[in-house]
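This report refers to the structure that appears directly beneath it.
A short reminder: the numbers here are calculations on the coordinates, not readings from a lab. Keep in mind that what you see is a predicted model, and the values were worked out from it rather than measured. Neighbour counts are summed over all protein chains in view; Cβ atoms, including those assigned to glycine, are modelled from backbone coordinates with ideal geometry.
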Amino acid sequence: MNYKKFQDKPFRLMALIGCIYLVAMLLLNVFTDFSYEQSIMPFSRIVSYSAQSIALVLCLLSFFLYTHHSIYYIALETLTFSYLYTGRIYTALFLTAILFVLLLLENRLASRLWLRIYLVLEVIKLALVFPYGIKTFFEYIGITLFSLCTIGCINLLFRHAYNKKDPDSISLKDYKFSDRQKDCIKEIVLNNTTIKALAINHNVSESAIKKDLSHIYNQLGISGKADLKALFIGYNF
């Protein structure tokens, strides 16, 4: 498998790794009775198997529909809820932290709708932790707040560092890009806009956008979207 195919598709790579992990967990549970379950809740084994199966299907969908990042988010949340239900509190905290990082990187929580959904899900998670005792409940709250605040502060530090980047280190004026190509650069860097969305916005075919991006990458001496975003971090469009 050519790793370069995944360099511009991080969610596809994450989905692939997720599929491998979930298949391994399901096989271990079925054939060796391997289980981390410490649940005091009924039907915990059924919940665990069902959640892993659903998450596996979602990861497979995310692999093929890698531009629809919400599918991968749902897979993570499905696992998180099942781990809380079956008593795997720290594994659930780890997945919660991963999801928070992804949402921050994609600036999803700037949307009121996404923020409300996120907060509602977090409240439901707290309700699932409560049956494991007051000590575990407050420990979960403490670690969650600590990890989310730490991740949020790290994100702010990186953003400040990017904003301080020398704005004269690169300039679009130095390259003979069309207005559409300049707009593609801006949309990808600022909003992580997909090729399909760019094609719709400019009323052209996806192949035309791909041709534009290929020209941009060749002119800038880079290999893909990831390099493009890194090159224009902090750039004043």
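Some values worked out for this structure:
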item	result
Inter-site label distance for residue 65 and residue 124 at 7 Å from Cα along Cβ, in nm	1.9 nm
Per principal axis, descending, Cα span of region 99-237 in whole Å	64, 34, 24
Stretchable slack from residue 158 to residue 145, in nm (0.36 nm times residue separation minus alpha-carbon distance)	2.7 nm
Charge-dipole axis of the chain as Lys and Arg at +1 and Asp and Glu at -1 on Cβ define it, positive-most pick from 147, 46, 222	222
Cα principal axis extents for the chain, largest first, Å	65, 37, 28
Dipole magnitude (debye, nearest 20) for region 52-167, charges at Cβ of Lys, Arg, Asp, Glu	200 debye
Rotationally averaged projected area of region 74-167 (alpha carbon convex hull; nm²)	6.4 nm²
Gaussian network model of the chain, Cα within-10 Å springs - most flexible of 219, 181, 52	219
Nearest-ten-degree value, helix 89-105 long axis tilted from longest Cα axis of the chain	20 degrees
Separation of the residue 111 and residue 136 label points, Cα + 7 Å toward Cβ, nm	3.4 nm
Angle in degrees between helix 44-64 and the longest Cα principal axis of the chain, rounded to the nearest 10	10 degrees
